[in-house]
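Data first, discussion second: the structure below is written as structure tokens.
Readers should treat all values here as calculations from the given coordinates under stated rules, not as data from a laboratory. Note that the structure is predicted; figures quoted are calculated from it, not measured. With ideal geometry, Cβ positions are generated from the backbone for all residues, glycine too; neighbour counts draw on all protein chains shown.
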Amino acid sequence: MTAGTKRTIVYVEDEPAVQRLVEFWLEDAGYRVLLASDGAEGLELIRATVPDLVVTDALMPELTGDELVELLKKDTELRDIPIIMATA
């Protein structure tokens, strides 16, 4: 990573209010944050960007957090991305 380059986090969350709050915190901490509203959208975004970190909710429509993690771990290009599962 070069000086001035922000690390990228894909945040997958289906609740808009929670999504905005966490996005604010992460951006304030200096990260580039890309948002997805469900697991299927998150998977597409992760494949397109190959972020430094994925933060995902557990319970979401289309594809749950557990299913998303399982698909990421099976993908040789994405399996080494660190993942944080955040849920209420």
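Could you list, in sequence order, the residues of the stretch 14-43 that are of a type in the set (G, A, S) and under 19 Å from T87 (Cβ atoms)?
Our first condition is that a residue be of a type in the set (G, A, S); within the stretch 14-43, this holds for 17, 29-30, 36-37, 39-40, 42.
Passing the criteria: A17, A36, S37, G39, A40, G42.
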Exercise for the section: Select the helices (runs of 4 or more DSSP H) contained entirely in the chain, then report the ones holding at least 1 residues which are more than 14 Å from the chain's Cα centre (by Cα) and exposed (fewer than 12 other Cβ atoms within 10 Å of the Cβ). Expected result: 16-28, 65-74
Practice task
Any residue in the stretch 7-33 that's without any contact (Cβ under 8 Å) to a residue 12 or more places away in the chain: show its pairings with residues that are surrounded by 17 or more Cβ atoms within 10 Å (Cβ to Cβ) at Cβ separation under 6 Å, as long as the two are six or more apart or on different chains.
Solution key: E27/V33
